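The values are calculated or read from the model by the stated rules, or taken from the named source; none is laboratory data. All of these numbers come straight from a predicted model, not from anything done at the bench. All Cβ positions, glycine included, derive from the backbone under ideal geometry; neighbour counts span all protein chains shown.
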Amino acid sequence: MALAAIYCVCAVGPVPFPGAGLGVGAVYLFAVLKLMYTLGISAYFHDSAACLLKDDVIIAAAQEERFTRKKNDESFPISAINYCLTEAGITLSTVDYVVFYEKPFVKFERLLETYLAFAPIGFFSFIKAMPLWLKEKLFLKKRISKLLKGIDTQWDENTLLFTTHHQSHASSAFYPSPYQNAVILTADGVGEWTTTSVSIGNGSDIKFIREIKFPHSIGLLYSAFTYYLGFKVNVDEYKVMGLAPYGEPKYVDIIFDKLVDLKPDGSFRLNMQYFNYATGLTMTGQKFDALFGTPARKSKEEITQFHMDIAASIQAATEQMMLVITKSLYQEFKLDNLCMAGGVALNCVANGKTLRESGFKNIWIQPAAGDAGGALGAAYAAYYEYSGDKREENETLDKMQSALLGPGYNDEEIRESLLKVGLAFEELTPENYYSAVAACIAEGKVVGYFRGRMEFGPRALGARSILADPRNSAMQSILNQKIKFRESFRPFAPAVLEEYAADYFDIAVPSPYMLVVADVKKSLRLPLSDDEQQLTGINQLLAKRSLIPAVTHVNYSARIQTVNNEAHPDFYQLINAFYKLTGCPCLVNTSFNRMDEPIVNTPAEALACFLQTDMDVVVIGSFMARK
């Protein structure tokens, strides 16, 4: 099938924003006279968030789940908005534009056209969806305006704008990146109509080139298999990725023979006879079950070798699809730089393969690549559309500030929380701070680490982290069973000093946001005995595979975070202290939370997590407490 048959050419230039209230010329003058504040919002699907820009500088960004403690909270981000405004020291009426990350009417149009196309199939889904849309979602502008008026009665509703979903993703991928020119690839489940888009970023402009439309979607394909494997859609896709190395990709041929028509130019179509998500209440159905010979797994059922093989197969198929797309884009545009966003961009195994094999020299992935990052992208899209500002060149640092964009707490607030729970604690001095924490980790202790501003996005990057010694072969089991209370197959990531990353892993570029998987160097791998080579499934965890076994997956890969002193000095100094003590320049880094809980936000939440798990030490601000 030809590319033109699948891809739809979009309008040249940014998608216009309705209801701006000011002419473009007036806005240019406005921007010269004063600073411009832009508030981006994402909400009502999953992982809602808010982001505030002061000109093109990110002042604050946070997900609503961190405040409400509801995982992947989709509700309107009142708390996140209030946090952003407080961080900037302004009121909502001071903000020049409030920008929502997608267009509800266009989304409703897609819903209606899809039901009509598949009718009478999907009738029960239709009658379930319509009351919600007609009561709430169809009139989102009015609803959002009312909620924002509740924050500040002086706010002017004429400043409310709407981007398209994939314009938000593309903007979040390109504008904060360090590149002046780049191909931009966005891929997720679906926005309004778009599931995959290609655009070109040049300075302050993004030109949309083509798109693939619903129901043909890499994200929904992966989510269908997530559902089939008994995990939660839009939540547990990373579990499928984590399970994949335990299986064999036995079903890749079936996927491409029956489910996906992938062309050499990267265009693709899904065979919708096997999927229910367009109009049904489930992702897959009986025909999908028959194709693989067994019904979908229930969430509490045992994970068998079959399920591991299915996970391995959809992961391999996704990697192949992304690689074909990115190779084609490199050959077409011949640019060195690729920027990515959308939920599929969180598939760090596919990202690693793209980095190694696509032809692009540099890849930058938005750390909050999912819908949370849509808030940031919406704000950037409006800013560059209406300010007349030009992006400054910076080929070394991006604008994400190491994603440390959330709330921080001072030592007085932290001391109060420690006294409230009655924990004995000590105050560390600047001279012994990092060496004391590193010594605990080197002794085999599991350390909760809470310092500075909270991370924006799904990854803990050294501010709300649980840290451990990667040389300890028992540490993966300890962390999964006694700290995180989650499935035993789940891997852990290494945070490594950037200058030593290439000595430990097959990676030649920085990976500051833990979004690229690479292999552990062969020089660090350990030989397996004959018995160990015969291990299958979860039992593969019994074999010690490298000198850093706690972060080495069963296929010798690792999801890497590189840390440098300029971008993340606090975390760098801690890892460096561990390196000076042990000769190992990396730590196990996992998020400071338990399974199915958001990453901790406040000192009180960190202490609660510490006390409810088998963590040995907690370090919060300048203080250390032990069990």
Inset, instruction - Restricting attention to region 376-406, report how many residues are on the phi > 0 side of the Ramachandran plot and surrounded by 24 or more Cβ atoms within 10 Å (Cβ to Cβ). - result: 2
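Conditions tested, residue by residue: (1) of a type in the set (F, W, Y); (2) under 20 Å from P549 (Cα atoms); (3) modelled with pLDDT of 95 or more.
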site: S435; (1), (2), (3): no, no, yes
site: C440; (1), (2), (3): no, yes, yes
site: E487; (1), (2), (3): no, yes, no
site: E498; (1), (2), (3): no, yes, yes
Inset, instruction - Starting from residues that are assigned to a loop (DSSP other than H, G, I, E, B) and crowded, with 19+ Cβ neighbours inside 10 Å, keep the ones in region 279-295 and report whichever is modelled with the lowest pLDDT. - result: T279
Inset, instruction - Would you tally the residues in region 429-451 being in contact with a Ser or Thr (Cβ under 7 Å, 6 or more places away or on another chain) and either farther than 18 Å from R464 by Cβ or of a type in the set (A, V, I, L, M, F, W, C) (or both)? - result: 1
Inset, instruction - May I ask you to say which residue of L467, L405 is within 27 Å of A368 (Cα to Cα), hydrophobic (A, V, I, L, M, F, W, C), touching a strand residue (DSSP E or B) at 6+ places or on another chain (Cβ under 7 Å) and assigned by TED's automatic domain parsing to the domain that holds V588? - result: L467
Inset, instruction - Among residues belonging to region 392-415 that are free of Cβ contacts under 8 Å to residues at least 60 places away in the same chain and more than 19 Å from S171 (Cα to Cα), point out the one that is nearest to the chain's Cα centre (by Cα). - result: G408
Legend entry - Those residues of region 595-627 which are at pLDDT below 95 and not aliphatic (A, V, I, L, M), in sequence order: D596, K627
Inset, instruction - Could you tell me whether region 553-575 includes any residue that is more than 28 Å from the chain's Cα centre (by Cα) and of a type outside the set (S, T, N, Q)? - result: no
Legend entry - Residues (touching a Lys or Arg at 6+ places or on another chain (Cβ under 8 Å) and under 14 Å from P491 (Cα atoms)) located in region 534-552: R545, I548, P549, A550, T552
Inset, instruction - Please note which strands (runs of 3 or more DSSP E) are completely contained in region 161-272 and include at least 2 residues that are under 30 Å from F489 (Cα atoms) and outside the structural domain of S557 (by TED's automatic domain parsing). - result: 181-187
Legend entry - Whichever residue in region 37-53 is in contact with an Asp or Glu (Cβ under 8 Å, 6 or more places away or on another chain) and in a strand (DSSP E or B) and, among such residues, is surrounded by the fewest Cβ atoms within 10 Å (Cβ to Cβ): Y37
Inset, instruction - Look through S313, S299, S328 and report the one residue that is of a type outside the set (A, V, I, L, M, F, W, C), outside the structural domain of D47 (by TED's automatic domain parsing), touching a Gly at 6+ places or on another chain (Cβ under 6 Å) and assigned to a helix (DSSP H, G or I). - result: S328
Legend entry - Flag for D56 being surrounded by fewer than 24 Cβ atoms within 10 Å (Cβ to Cβ), closer than 15 Å to L148 by Cα and modelled with pLDDT of 95 or more: no
Legend entry - Condition check for V509: within 22 Å of F360 (Cα to Cα), among the hydrophobic types (A, V, I, L, M, F, W, C) and either touching a His at 6+ places or on another chain (Cβ under 7 Å) or crowded, with 23+ Cβ neighbours inside 10 Å (or both): no
Legend entry - L346 in contact with a Cys (Cβ under 6 Å, 6 or more places away or on another chain), among the aliphatic types (A, V, I, L, M) and not assigned by TED's automatic domain parsing to the domain that holds R459: no
Inset, instruction - With the condition kept exactly as written, say whether any residue in region 533-547 is modelled with pLDDT of 95 or more and surrounded by 21 or more Cβ atoms within 10 Å (Cβ to Cβ). - result: yes
Inset, instruction - Please enumerate the residues belonging to region 470-493 that are in contact with a Phe, Trp or Tyr (Cβ under 9 Å, 6 or more places away or on another chain) and among the hydroxyl-bearing types (S, T, Y). - result: none
Inset, instruction - Of the numbered conditions (1) in contact with a Phe, Trp or Tyr (Cβ under 7 Å, 6 or more places away or on another chain); (2) more than 30 Å from A372 (Cα to Cα), L526 fails exactly one; give the number of that condition. - result: (1)
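Could you run through region 73-106 and say how many residues are part of a loop (DSSP other than H, G, I, E, B), of a type in the set (S, T, N, Q) and in contact with a helix residue (DSSP H, G or I) (Cβ under 6 Å, 6 or more places away or on another chain)?
Qualifying residue count for the region: 0.
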Legend entry - Residue list for region 472-510, restricted to those being assigned to a loop (DSSP other than H, G, I, E, B), touching a Ser or Thr at 6+ places or on another chain (Cβ under 8 Å) and over 30 Å from D614 (Cα atoms): I507, P510
Inset, instruction - For I441, state whether it is within 26 Å of P603 (Cβ to Cβ), of a type outside the set (D, E, K, R), over 23 Å from the mean Cα position of the chain (by Cα) and part of a helix (DSSP H, G or I). - result: yes
Inset, instruction - Within region 227-279, track down each residue that is over 27 Å from Y556 (Cα atoms) and small (G, A, S). - result: G266, S267, A278
Inset, instruction - Test F485 against the stated conditions and say whether it is among the hydrophobic types (A, V, I, L, M, F, W, C), buried (at least 16 other Cβ atoms within 10 Å of the Cβ) and closer than 21 Å to L243 by Cβ. - result: no
Inset, instruction - Give the number of residues within region 459-482 that are touching a helix residue (DSSP H, G or I) at 6+ places or on another chain (Cβ under 7 Å) and under 20 Å from A244 (Cα atoms). - result: 1
Inset, instruction - Search region 551-610 for residues being of a type in the set (S, T, N, Q) and part of a loop (DSSP other than H, G, I, E, B), and hand back the single one that is surrounded by the fewest Cβ atoms within 10 Å (Cβ to Cβ). - result: N565
